[in-house]
Amino acid sequence: MYLDYLKSFLKYMLIISIFIFSNLNINTTPVFSLTIDEAIKMAHEYYPVLQSRLKQSKQAKDLYISSYDPYFPTISIGYSYRNAFDTTLHNITYNKIWDTQYSAYVGASYRLFDGGFRRSKTKEAYHAYKQTENDVDITENDLTFNVKQAFYSAMAAERVYKVARITEEIAQRNFDLAKARRQEGVAKLSDVTQAQVRLTQSKMDTISAQKDMEKAFSNLNSLIGLPLSDNYTLDAEFQTEMMQYEIPELQDVALKRRAEVDKQLHELEFTKQTIKEQKSNFWPKIDFQIYYNWYDRDSHLDEHEAVLMTGATFNIFDGLGRYYRVSAQKEALFASQKNLLEAKRNIKLEVNNAYKDIERSYANYRTALSLVNEGQVNYDQAFNEYKVGKGDIIALLQAEVNLARSRITLIQQKMNYNIALSSLERALNKNEFNN
């Protein structure tokens, strides 16, 4: 009696302990949901390439600000002490072998004219800075697309895994039905064997789908800065509404918004300024200087003078280099003009292809949706026919395979359609395409 009571007590304590520890495990497991906007924000805060682009842009901005220095005068001060050995006969006779000189000065100099050199250098620095800003914009645009692509791929992989589990349950159902009919003596052993083979294959498909889902989440995690093994729920749904636009209008929008075009325009202006920089070598340089000097043979510096100077320098001939440098920059200008045309051509083509992908993926989505409905009807019919002995196991298993494939195809086409929309968003350099 006592032993029976003790066994019952231990049994209940074991059940309670399992329940408590299982709840503790659930409560300590970090589970959160992630929206696509949150993923994009996390990626923009983490992505190393983007952070590098931002620092390069800050560096170029500092260099642009520093390029204004030549517009200000240069102010300097100096102090010197000189003790020279004089070997002239007169100085040796009067014991003045050492000639000592103390001097100090404060002065300012300013370049009045330089043929446009400093102006062109400042504009070069400005256009170089704006190009780094364009690089930031390009990186942000590409990163947004990559995050959306990874997000939609993870959504699709998660749904494919769920379909694989449902398919495995259906295969188990078919196997149980074939085994039951075999026990009743109305089905052949080959029916059970074939259903079992299909069940085993569906289990393998489930494992593959699970690993594909884990890889898809790892890919997304690597972009947003989370550990590769982190798990969470994706708070989003696939968009399935068709958007109608005119391709020429979209191309015009893209040409106005894409940073690649703006970057080439700044490159074009940069090259124009380098031509002006090289042409400044054909002009004289005019400088103005003012100094106040103190000097004497001792440190009292009793002698002093003020000096004002204005001078011009011009290199009449220093070789043929400055002529060829101008010619070289003119060739670079021609190349920049062609690069601008090429950038516009690529953007127009990108918009056109992205919209064609939208039309194709949406048509495939509508077709896949019909296939799922037809596949479900076909499977239900095959299952009921086999259940009452009017159908064969081959038709049932094939209907089940077709249904599973149609469901996976539907998910993939939804993913393709949303990725195509994101591709058009990137082509338009717009984060919110619906707006």
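Rule-based calculations on the coordinates, nothing more; no lab input. This is a predicted model, so every value here is computed, not measured. Here the Cβ positions follow ideal geometry from the backbone for every residue, glycine too, while neighbour counts run over all protein chains shown.
Summary table below
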quantity: Residue-span extension gain [residue 352 to residue 109] - 0.36 nm each, minus C-alpha spacing; calculated: 81.6 nm
quantity: Size of electric dipole in the chain: Cβ of Lys, Arg +1 and of Asp, Glu -1, about Cα centre, debye, nearest 20; calculated: 1140
quantity: Region 307-435 shape via C-alpha gyration tensor axes, a/c threshold 1.5; calculated: prolate
quantity: Relative contact order (percent, whole number), the chain, Cα cutoff 8 Å, 6+ residue spacing; calculated: 23
quantity: Structure-based [θ]222 nm, the chain - -39500 (n - 2.57) summed over DSSP H runs of at least 4, per residue, nearest 500; calculated: -25000 deg cm²/dmol
quantity: Which of 184, 400 has the fewest Cβ neighbours within 10 Å, and the rest in rising order; calculated: 184, 400
quantity: Of (1) 1.31; (2) 0.99; (3) 1.06, the label for Rg/Rh (Cα atoms, Kirkwood Rh) derived from the coordinates; calculated: (1)
quantity: Anisotropy class of region 224-293 from Cα gyration tensor, a/c 1.5 cut; calculated: oblate
quantity: Cα gyration tensor shape of region 201-244, rounded if a/c is under 1.5, else prolate or oblate by comparing a/b with b/c; calculated: oblate
quantity: Segment residue 80-residue 244, extension gain: residue separation times 0.36 nm, minus the distance between their alpha carbons; calculated: 51.0 nm
quantity: Modelled FRET efficiency - R0 51 Å, residue 286 with residue 222, Cβ distances, 0.05 increments; calculated: 0.30
quantity: Ranking of 111, 407 by count of other Cβ atoms within 10 Å, fewest first; calculated: 111, 407
quantity: Cα convex hull of region 163-284, projected area averaged across orientations, nm²; calculated: 17.3
quantity: Theoretical gain in end-to-end length, residue 300 to residue 230 [0.36 nm per residue, Cα-Cα removed]; calculated: 17.4 nm
quantity: Sequence of 304, 127 once ranked by neighbouring C-beta atoms within 10 Å, starting from the fewest; calculated: 304, 127
quantity: Lysine-lysine proximity count for region 269-390, Cα under 29 Å, sequence distance 8 or more or distinct chains; calculated: 19
quantity: Crossing angle, helix 259-279 versus the chain [Cα axis fit, 0-90 degrees, rounded to tens]; calculated: 20
quantity: Nearest 10 degrees, 0 to 90: helix 321-387 Cα axis against the chain principal axis; calculated: 10
quantity: Between 0 and 90°, nearest 10: helix 48-66 axis offset from the chain longest Cα axis; calculated: 20
quantity: Within straight-line cross-link reach of residue 41, aspartates and glutamates at Cα separation under 13 Å, skipping those fewer than 8 residues along the same chain; calculated: 140
quantity: Ranked by how many other beta carbons lie within 10 Å on average, peptides 219-230, 250-261 from highest; calculated: 250-261, 219-230
